[in-house]
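Heads up: the structure comes next, in structure tokens.
The values are calculated or read from the model by the stated rules, or taken from the named source; none is laboratory data. Bear in mind that the values here come from a model prediction, so they are computed numbers and not experimental data. Cβ placement follows ideal geometry from the backbone for every residue including glycine, while neighbour counts extend to all protein chains displayed. Note: areas computed on protein heavy atoms with side chains; ligands, DNA, RNA excluded. Shrake-Rupley method; radii C 1.70, N 1.55, O 1.52, S 1.80 Å.
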Amino acid sequence: MSEVGAAESLLALSQQEEVEDLPKDYALSPSEDEVDIDGERNHQKLLEAISSLDGKNRWKLAERSEASLKVSEFSVTSEGSGEKLVLSDLLGPVKTSSSLAVVKKQLNRVKSKKTVELPLNKEEVERIHREVAFNKTSQALSKWDPIVLKNRQAEQLVFPLKKEQSAFAPIEHVLSGWKARTPLEQEVFNLLHKNKQPVTDPLLTPVEKASLKAMSLEEAKMRRAELQRARALQSYYEARARREKKIKSKKYHKVLKKGKARKALKDFEKLRKVNPTAALEELEKIEKARMMERMSLKHQNSGKWAKSKAIMAKYDLEARQAMQEQLARNKELTQKLQVASNSEEEEEGVEEEGDLVPDAVNEIQMDADGPNPWMLRNHSRGTKEAKGQDPEQLPEPVAHEASESEEEEDRPGAEEETLLNEFEERRSLRRKSGLNQDAEPVSRQEPKDSSSQEVLSELRALAQKLNKEKNQSGKQNMSSTRTVPVVQREGPLKAEEEPLLLQRPERAHTVQELEELAKEGCFQNEEVPRPSREGQQTERNPNTQAGVPKEKKRKEQMIDLQNLLTTKSPSVKSLAIPTTVEELEDEEERDQKQMIKEAFAGDDVIRDFLKEKREAVEASKPKDVDLTLPGWGEWGGMGLKPSAKKRRRFLIKTPEGPPRKDKNLPNVIINEKRNVHAAAHQVRVLPYPFTHHQQFERTIQTPIGSTWNTQRAFQKLTMPKVVTKPGHIIKPIKAEDVGYRSSSRSDLSVVQRNPKQLSLRHKKQLKKNSVD
Amino acid sequence: METAPKPSKDVPPKKNRLKAKRKKPRRYWDEETLTAAGASPGLPRNKKRNRELRPQRPKNTNIAKKSRVSRKPQLPKKPREGRNLEPQRSVSGAQDPFPGPAPVPVEAARKFRRIDKSKKLPHSKSKTRSRLEVAEAEEEEISIKAARSELLLAEEPGFLEGEDGEDTAKICQADIVEAVDIASAAKHFDLNLRQFGPYRLNYSPTGRHLAFGGHRGHVAALDWVTKRLMCEINVMEAVRDIRFLHSEALLAVAQNRWLHIYDNQGIELHCIRRCDRVTRLEFLPFHFLLATASETGFLTYLDVSVGKIVAALNARAGRLDVMTKNPYNAVIHLGHSNGTVSLWSPAMKEPLAKILCHRGGVRAVAVDSTGTYMATSGLDHQLKIFDLRGMFQPLSARTLPQGAGHLAFSQRGLLAAGMGDVVNIWAGQGKASPPSLEQPYLTHRLSGHVHGLQFCPFEDVLGVGHSGGITSMLVPGAAEPNFDGLESNPYRSQKQRQEWEVKALLEKVPAELICLDPRALAEVDVISLEQEKKERIERLGYDPEAKAPFQPKPKQKGRSSTASLVKRKRKVMDKEHRDKVRQSLEQQPQKQEKAKLPRARPSALDRFVR
């Protein structure tokens, strides 16, 4: 703020100067301004009045009325009057004049008003601006200091910066703390409450719970497996159908068609027996189809194919046959019906059908006729129904009917349906077998459809029967043929086991008997372990018997040795002694020998070692530098040595190194040389924040390789310091990212507006601030 | 089957000699039932139970013993009241019975700590301090993770325990075989190979394969667990030593003249003539170095991954036939005839250390897997155990009736010694303790003189090669029960082996990093600048930073005469000299002041002093 002060003082100075300058201006003014005299004069008057206010150093301008010799510099003359000018004379008119009071007032007003400061010069203004801006920015930036520090110390930085994902909480926790607030939410909650949906507990709705209770897990699994099977089969059939559709072989199709026709006839036959009305309808259909066929020109030998065949027929036997076949078919079709029925070529089934066809045709016309075989049949059917009352029989034919009706269009589809039906049946079966109570209503429903007049008890009995039957059949279906042999196998096995159990106590007495038993085929498995075990024992026995004498021998040996060696050292007791030693007859002699050997063996060894060590120590010692020049300053020559004094003087002693590691270890020579190659791998320059090597060593003490760490630890230790996502823009950090309000951002914008002002000095100061 | 008592046998009941061979995995319900049974907190109760169980040990029932052993006393069951007792209840009513992170025993975690916090650090700035704190927190977290993962080590070491007063050394192999399960019993076998002389043998690093070479040229390799023979050849030459390289696919055989390398089908791949008259072989798996000691006194390091000889060091101690490796720091130990054991690294021309161990020559050396203990036996019939951690002092020693010719350490620190035709095995108290030489743990007599000894890794088996063939004997508690599937997996497939091979090659450690203290590599090289310079000069043979002597420029017009050249040279020299003198003078006053003080006035008679 000293600069501001300086500016103020400067201002004051300039004001003074201004005041002092005034009279000079005045003196100059008359010579300068002559252009507009009136205004000038007024102005002069004013100035006069002003100047007269200040008494002491203003002189009144004398009017030159007459010529005088001497005109003073300030145009004051005291000549001629002979009397001194008195101040009061000068001031007299001032007081009286009224106009001057106004001026005085004005002047006072002017004085009371502050003078407008002069604008500072450019550099200073800029400096001040810079300072202010710096203070502001440093303040704004200091908010970021903790973040910068945090980022510097962070183990890992991940860019681009993201919002931290909330820690994974189980949905239960989330929901339990949640309440409906908005009307929409409340509405939704109300709905949920009404429907008994779980609101806070998201696990299961009551319906779901009930369903869970209703079906056991196993059942559900089975059902699922069934469904899977059905789906697989369906897809299989679909694939098959598709494949068959693609087949282009004409022969195949011919055969297929024939087969179909045959089958249709057969089915029709069946249907006629079972359900004549349906059969009639069917018949009509067939007839219609035949009519259509007849109307068409399909088999007239006039088609494209027929024409081409006709050309070929001359040469090709097959083609000829094919043509003939077609002609024959044409004939067959165009023949009148009565004639057709008589034809010999037809098959048996067709024969029957042939009998039926005319009746069926007639039937429509004479519905009410009494002696009609069809009517007879109808009657019989009614009786059958009444008789049978079999609930099983009824649905089946219905299904057949449906399938037959569809048969001609798409066979595979029908097959699927039958399959699905089968599954349905099976499921129901299982349900029945599992829960009898459940089974009853199900079975009840079926008969109800067919006839409602039946008695309940009867039904029940029937249902039970049914259950049994179906169970058996279902089982066989399910486990196919495999189960059968299993059951068969089980049977005999059981049969075998039973006698075995009975027989055992009697028989398993002696080994021989057991062996006999083993010979019998069926018992082999059971009995084998026993004899083998027995065998083991018997085998072991000789072993152990053989082992006993061995051990005894060993023990005897040991005892002998013990006796021999106890005198020497008790600790050798249990040692087994090498055989060579045993072979020595005279132990004591050996001992003596050894004693002597041991006593004298090491002598030279120790001496050698000590010598070696001394040499090593000498070699490793730093050597003194001898700078003596023999013959310099004294006599030199053979046999003459430089004096001790001189030698002492010119001997530069090197400082003694650190003590050797093996100084106090007489039996060890440790090499003091540095392993230079290994040193090349060592750190030799301390990295930045460390001031002592021990500090740094502590930070690199833990190995980071996967050999020494667990996998997790290894991954953590080798984590990269900065992680960036490839292909993503790394935006600069924003205030929102770190939880500041946007106000700090506006602060930052100041910086961005005049970034040049952040000079080096400012940065330094900023740093200082951040440190503080 | 092993538990069934057999009273009907007419063998005198051998009391207990029970060896449960490690097979009891710990189940979580074991712990559960324990805690459920006892309301009191776990640890003291556990101990109490232990004490109770020890005297009234039921005879011939392994189950009780197993359970006793299976419970780790050092794994205290922490009462869980430290953490929040009431876990958050969910709507479904499900409740976490063990809320919070699983507890980790402090003891187990301490084992994995690497930073020694007791050491005081010099005062550090805040920034440095934060870095240090981060490092320490990281280390702690990692150690806890490692301790937690120890739970996955399901297997436990086997053991052999005598009844009161019974000496386990009296239990012979037949007894053990009888007591253990079939699978373990099958691991004891003898190969009678009397024809081709004493055998040396070697197990592959995974412990699955066994290679042996007879002195008369018989070389064979087999999967010894399934007894499937991989190859069998006769090299028609004396075989001194045999060793698997990094995997079972390669075999190095030290033959009479040269070193040969075969593959697992017996096909000769290499004949290395630079390694001649090799007596002993050692393989350093992490460095891919094959160390060979030869009759000529050379220790040669062969890098098998690139086929280069890394270093050939002259030991200057005559014939070398005693060699072993230190598995901890890959230093090679050589035993010499003058009773010393020297420690070698390929980076140094001289031994790293020399230890005088015996008064006579050294016959055998072995180093345990942690690199802490070294066992030596000498011609003076002594067996000594040395501490290798800095001091190289003998811990224990004993005289054997006939000195041990072969020594071997097992993974868990059992020491086997072959003396003549007898193998003695000593065991220590715990895993980290040296074997106590008082009482042997097991003894076994062989049909021939011992020529080679090795414990099988990850199997409680000691392989002994002798003049009568090969014997694989059971030593309960010898091996590490849990293997590292990524490091050496006995059950690995060919594909896995190949992948492991690639990984191992990628992680190959340079040969020059072998030194006595491998952790020293993690220290800052604080050598002074001067020393460094000196070393550099020594290494290069000249000073690369030395100033070239002044060479005056040739001048014309007769000013380049010899005299003027010399003059100019002299001028520069003098100037340099003056600078030096000035510099020294500036330093001198302080020195002189120091020097003058103690000195008395020189007397006139001083001149006569000679």
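A few points about this structure:
- Scanning region B:333-352 for residues that are part of a loop (DSSP other than H, G, I, E, B) and either more than 10 Å from chain A (Cβ to nearest Cβ) or open to solvent by less than 10 Å² (accessible area, probe 1.4 Å) (or both) yields a count of 3.
- Residue among B:169, B:137, B:102, B:147 that alone is out of contact with any Gly (no Cβ under 8 Å at 6 or more places or on another chain), at negative phi and within 8 Å of another protein chain (Cβ to nearest Cβ): B:169
- Evaluation of residue B:560 against (1) at pLDDT below 85; (2) within 13 Å of chain A (Cβ to nearest Cβ); (3) open to solvent by less than 60 Å² (accessible area, probe 1.4 Å) (one fails), failing number: (2)
- Filter result for residue B:154 (surrounded by fewer than 18 Cβ atoms within 10 Å (Cβ to Cβ) and either part of a helix (DSSP H, G or I) or under 25 Å from the mean Cα position of the chain (by Cα) (or both)): yes
- Residue count, region B:95-134 (criterion: surrounded by 11 or more Cβ atoms within 10 Å (Cβ to Cβ) and in a loop (DSSP other than H, G, I, E, B)): 14
- Filter result for residue B:397 (open to solvent by less than 40 Å² (accessible area, probe 1.4 Å) and modelled with pLDDT of 90 or more): no
- Residue among B:216, B:194, B:208 that is open to solvent by 50 Å² or more (accessible area, probe 1.4 Å), touching a residue at least 60 places away in the same chain (Cβ under 8 Å) and not polar (S, T, N, Q): B:194
- The residue that is farthest from the other protein chains (Cβ to nearest Cβ), among those in region B:411-462 that are open to solvent by 30 Å² or more (accessible area, probe 1.4 Å) and charged (D, E, K, R), is B:412.
- Filtered residue count, region B:325-340, keeping only those that are β-branched (Val, Ile, Thr) and modelled with pLDDT of 95 or more: 2
- Within region A:125-143, being at pLDDT 90 or above and either of a type outside the set (A, V, I, L, M) or part of a loop (DSSP other than H, G, I, E, B) (or both) holds for A:126, A:127, A:129, A:130, A:131, A:134, A:135, A:136, A:137, A:138, A:139, A:142.
Condition check ((1) open to solvent by less than 40 Å² (accessible area, probe 1.4 Å); (2) within 15 Å of residue B:245 (Cα to Cα); (3) assigned to a strand (DSSP E or B)) across all residues:
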{"residue": "B:272", "(1), (2), (3)": "yes, yes, yes"}
{"residue": "B:302", "(1), (2), (3)": "yes, yes, yes"}
{"residue": "B:306", "(1), (2), (3)": "no, yes, no"}
{"residue": "B:310", "(1), (2), (3)": "no, no, yes"}
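- For region B:399-410, the candidate set comprises residues that are away from chain A (no Cβ under 14 Å) and assigned to a strand (DSSP E or B); within that set, the residue that is farthest from the chain's Cα centre (by Cα) is B:407.
- Within region A:226-258, no residue satisfies the criterion of being modelled with pLDDT of 90 or more, small (Gly, Ala, Ser) and closer than 23 Å to residue A:305 by Cα.
- Taken over region A:666-681, the residue count meeting the criterion of being under 22 Å from residue A:612 (Cβ atoms) and surrounded by 18 or more Cβ atoms within 10 Å (Cβ to Cβ) is 6.
- In the set (1) part of a strand (DSSP E or B); (2) more than 13 Å from chain A (Cβ to nearest Cβ); (3) of a type outside the set (D, E, K, R); (4) closer than 18 Å to residue A:670 by Cβ, the condition left unmet by residue B:355 is number (2).
- Breaking point among (1) open to solvent by 20 Å² or more (accessible area, probe 1.4 Å); (2) closer than 25 Å to residue B:488 by Cβ; (3) touching a residue at least 60 places away in the same chain (Cβ under 8 Å), for residue B:228: (3)
- Counting only residues that are within 24 Å of residue B:121 (Cα to Cα) and either buried (at least 16 other Cβ atoms within 10 Å of the Cβ) or facing chain B (nearest Cβ under 7 Å) (or both), region A:682-717 holds 19 of them.
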